[in-house]
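Remarks on the structure that follows.
The values are calculated or read from the model by the stated rules, or taken from the named source; none is laboratory data. None of the values given here were measured: they were computed from a predicted structure. Ideal geometry is used to build each Cβ from the backbone, glycine not excepted, and the neighbour counts take in all protein chains shown.
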Amino acid sequence: MDWILEVKELHKSYKEIKAVKGINFKVKRGSLFAFLGPNGAGKSTTINMITTLLEKDTGDIMLNGKTDDTYFREKIGVVFQDNVLDDLLSVKQNLMLRGALYLKTKEAVQARYEELCSFLSLKEFEHQPFGRLSGGQKRRAEIARALFANPELLLMDEPTTGLDPETRQTVWKVIDDLRKREGLTIFLTTHYMEEAANADHVVIINKGLIKVQGTPAELKDQYSHDRLKIVPFHKDKFEAALQKEKKPYQKIADQIIIKVDETKEIFRLLDTYRDQIKSFEAIKGTMDDVFINVIGEANINV
Ligand code: ADP
Ligand code: MG
């Protein structure tokens, strides 16, 4: 297996607060890796150690099998949760200035700028001050900054938190396009469960510990249930039948919601109660279920 990043027994405390308590994971080259967890789980602490901004207490972080900070800084691009570009400068000024830190000649900076401008559609607002851009435009410019030095690993710390649904869509479109770029690996943190559903691999972290990890399909298989939503002709009669076969259910308005252990149980239920069903809907288990089952509802404070 071709791992770009390997994290072993990583620990970090801030005085008495144990933020990261011995975590292990690997990131496959070219994948979209989602680090999912509620506020305070230890996501940013982990990202900051990977970027070398924060010193780890103990453990190993290896990028392509290497461990020296200079190498990490060369190969990693970071999109921070809060924007870091200068509000008063234009997008172009911001990016050209940053680019000059990474690339040697003015021509190289200009060429890379043009490339990113076209890839992230920045051209139409390149001369506007960063501070006056919309949320989606700002995020695109921030992503351009992170990509300037052509990193192998792009870290994004909650790239969509606090954005309106439309802007989130824009950012997701960009992430989708980025995935198609050969070789780029994306590591993102999020507390939006459904975002993790698009990842190749998901790690769920809580209170500094990894609770579970796997592909979204594996996690959904193990920690979520499909549901059958039924609107019966006669609610009382239908409920009595379910109670008789000891099938647990929930009532929401005129609907009866039945959790099923296996998708194929839906066929059996539909067949058994065919004559009593006015309408129905089969609902797939979601990453929300996974999150609630793994972390517990009481711990979700996002
Ligand atoms: P997340 O990014 O998942 O929300 P963080 O990594 O920011 O979580 O925080 C993990 C824990 O460490 C939290 O309990 C948080 O309060 C604490 N923490 C984070 N940064 C600091 C800091 N600079 N000083 C002290 N405690 C911190
Ligand atoms: Mg954070």
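Figures for the structure shown
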| item | result |
| --- | --- |
| Residues of region 118-148 that turn out to be under 23 Å from the mean Cα position of the chain (by Cα) and either hydrophobic (A, V, I, L, M, F, W, C) or within 16 Å of ligand 1 (Cβ to nearest atom) (or both), as a count | 8 |
| Check on T167, among the polar types (S, T, N, Q), surrounded by 15 or more Cβ atoms within 10 Å (Cβ to Cβ), more than 16 Å from ligand 1 (Cβ to nearest atom) and at pLDDT below 95 | yes |
| Looking only at region 55-96, and only at residues there that are among the polar types (S, T, N, Q) and surrounded by 15 or more Cβ atoms within 10 Å (Cβ to Cβ), the one that is nearest to H11 (Cα to Cα) | N64 |
| Hits in region 1-51 - residues which are within 8 Å of ligand 1 (Cβ to nearest atom) and aromatic (F, W, Y) | Y14 |
| Hits in region 69-89 (condition: free of Cβ contacts under 8 Å to residues at least 24 places away in the same chain and either within 16 Å of ligand 2 (Cβ to nearest atom) or more than 21 Å from L147 (Cα to Cα) (or both)) | D82 |
| Of all residues making up region 150-207, the number that are within 16 Å of ligand 2 (Cβ to nearest atom) and either outside any helix (DSSP H, G or I) or farther than 30 Å from I17 by Cα (or both) | 20 |
| Test: residue in region 12-21 that is surrounded by fewer than 19 Cβ atoms within 10 Å (Cβ to Cβ), over 25 Å from R145 (Cβ atoms) and in contact with a Leu (Cβ under 9 Å, 6 or more places away or on another chain) | yes |
| Subset of region 213-234 (residues that are assigned to a helix (DSSP H, G or I) and surrounded by 15 or more Cβ atoms within 10 Å (Cβ to Cβ)) | P216, L219, K220, Y223 |
| Residue match in region 244-258 (condition: modelled with pLDDT under 95 and within 27 Å of the chain's Cα centre (by Cα)) | no |
| I210 within 16 Å of ligand 1 (Cβ to nearest atom), of a type in the set (A, V, I, L, M, F, W, C) and part of a strand (DSSP E or B) | yes |
